[in-house]
1. Could you pull out every one of the lysines with an alpha carbon less than 28 Å from that of K44, ignoring same-chain neighbours closer than 8 positions?
2. For n ≥ 4 DSSP H runs only, could you compute -39500 (n - 2.57) per run for the chain, divide by its residues and tell me the 222 nm figure to the nearest 500?
3. Quick one: which residues, 5 or more positions from R69 or on another chain, have an amide H under 5 Å from its amide H? H modelled 1.01 Å from N in the peptide plane, none for Pro or chain starts.
4. What Kirkwood Rh does the chain have if only Cα atoms enter the pairwise 1/r average? Answer in Å.
5. Compute the FRET efficiency between E19 and Q108 as 1/(1 + (r/R0)^6), taking r as their Cβ-Cβ distance and R0 = 35 Å, and round to the nearest 0.05.
Amino acid sequence: MDNTTFNALAEPNRLRIVELLLEGPLTVGDIADGLGLRQPQASKHLRVLLEAGLVEVQAVANRRNYKLRLEPFQELDSWLETYRSVWDERLDALENYLQKLKNKQNNQN
C-alpha cells in the first residue's frame, strides 16, 4: 500500500472532500461551498488528491468536475482485509470472554 494515499487522506478537509465526492462528481465551487472553504483552499486540497491518484478531473463544457477513482480505494480495501481477520478473531475472543464473565456472574446470583 502506497503511503501517498494515507498522506492525502490524513488531512481532515481532504477526507471530507472524498466523502462529498461519494455522492458523485462536483466542481471546485461545489466542494468549497460544501466544506465552507474558499475556492483556492479547495483547489489546493483537490490538487493533492489528484496527485495521489484518488480523484480525476472531467471537463464538461467550461466546468471541471472532480470525481473519485475507484482503484485506489479498492487497493486500500484489499490491504485492510488482512487486518480485518485479525480484528475479527480478537473481537470474537473478547465476546467469548465477556459471555463467560456474564455466565459466571449469573451463576453466582
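1. Partners found: K67.
2. -23500 deg cm²/dmol
3. V55, E56
4. Answer for the chain: a Kirkwood hydrodynamic radius of 16.6 Å.
5. 0.15
Only the coordinates and a few stated rules stand behind these numbers; no lab work does. Source: prediction; values computed, not measured. Quick reminder, even Gly has a Cβ in these numbers, built from the backbone with ideal geometry, and neighbours come from all protein chains shown.
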